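Enquirer: My questions will all concern the structure given below.
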Amino acid sequence: MINKISALLSEEIKLRLNSSDNEKEIYAYSIEVLISLFINLVILSFTAYILKKQAELIIFILFFSVLRSYAGGYHAKTHIECMVLSFCIFMISALSSTYLTEYGEIILISGILLSVTMVFFLAPAESENKPLSKKQRAKYKKISRIIVILLSVSAVCLYFIRDAAGYVYITAAVAMSVESVSLLKH
């Protein structure tokens with residue numbers, strides 16, 4: 001479905017802009033990614049609203065997606081698989097801040113140690129859709145290391161303000177951990 005919509009829209013853009021077939025493919029892929037991202041965000045936002053986990057959604061997006069942008073990780077083969085995985089990872093991350101509060105410190109410490117270790121040894125993980133040059137690889141490695149350290153410090157800060165922020169630091173640690181473990185796929 002997403003592929004068909006992307007193909008139709010990219011064909012229209014190609015005709016209007018008098019673009020090449022190569023540019024049309026770029027349009028189609030870009031539109032496909034945007035539609036998939038939009039659907040994912042709608043599903044996650046609706047779920048967060050129903051569960052009253054909006055803060056956890058924001059933390060999840062920040063800690064999972066920001067690290068993923070530079071560290072890389074597992075890529076689903078289909079849009080449906082991506083949406084299901086995103087939903088499941090969000091649910092685990094968000095609900096852990098409700099049901100695993102008594103283990104919060106353990107989750108925080110182990111999540112940070114796991115994430116930092118995995119990112120320092122495995123990032124960036126390349127994908128078929130995003131091969132990296134040697135220069136890009138070095139750049140992404142450095143940036144992903146900085147990001148995991150900044151996110152770890154942020155998670156610790158969230159821990160210290162848990163009276164005001166709640167247990168979202170657990171969501172942060174779980175989201176970082178899951179992203180870091182996804183580096184193993186490569």
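The values are calculated or read from the model by the stated rules, or taken from the named source; none is laboratory data. From a predicted model like this one, the values you see are computed outputs, not experimental measurements. Glycine gets a Cβ as well: all are built from the backbone with ideal geometry, and neighbour counts include every protein chain shown.
Enquirer: Counting residues that are polar (S, T, N, Q) and closer than 18 Å to Phe63 by Cβ, which helices (runs of 4 or more DSSP H) fully inside region 97-179 reach at least 2?
Expert: In region 97-179, the matching helices (runs of 4 or more DSSP H) lie at 104-122, 134-160.
Enquirer: Could I ask something else about it? Taking region 1-30 only, how many residues are touching an Asp or Glu at 6+ places or on another chain (Cβ under 7 Å) and hydrophobic (A, V, I, L, M, F, W, C)?
Expert: Residues in region 1-30 being touching an Asp or Glu at 6+ places or on another chain (Cβ under 7 Å) and hydrophobic (A, V, I, L, M, F, W, C): 1 in total.
Enquirer: Need pairs with beta-carbon distance below 6 Å; first residue in the same structural domain as Phe90 (by TED's automatic domain parsing) and farther than 24 Å from Ser86 by Cα and within region 157-182, second among the hydroxyl-bearing types (Ser, Thr, Tyr) and part of a helix (DSSP H, G or I); sequence gap 6+ or separate chains.
Expert: Within 6 Å, the pairs are Tyr159/Tyr169.
Enquirer: Which residues, taken from region 7-22, are farther than 28 Å from Met83 by Cβ and surrounded by 14 or more Cβ atoms within 10 Å (Cβ to Cβ)?
Expert: The answer is Ser19, and nothing else.
Enquirer: Additional query: Could you look through region 149-182, keep only residues that are among the polar types (S, T, N, Q) and out of contact with any Ser or Thr (no Cβ under 9 Å at 6 or more places or on another chain), and pick out the one that is surrounded by the fewest Cβ atoms within 10 Å (Cβ to Cβ)?
Expert: Here the residue is Ser154.
Enquirer: With the checklist (1) of a type in the set (Lys, Arg); (2) surrounded by 13 or more Cβ atoms within 10 Å (Cβ to Cβ); (3) closer than 17 Å to Thr78 by Cβ in hand, flag the one item Lys4 doesn't pass.
Expert: Unmet for Lys4, out of (1) of a type in the set (Lys, Arg); (2) surrounded by 13 or more Cβ atoms within 10 Å (Cβ to Cβ); (3) closer than 17 Å to Thr78 by Cβ: (2).
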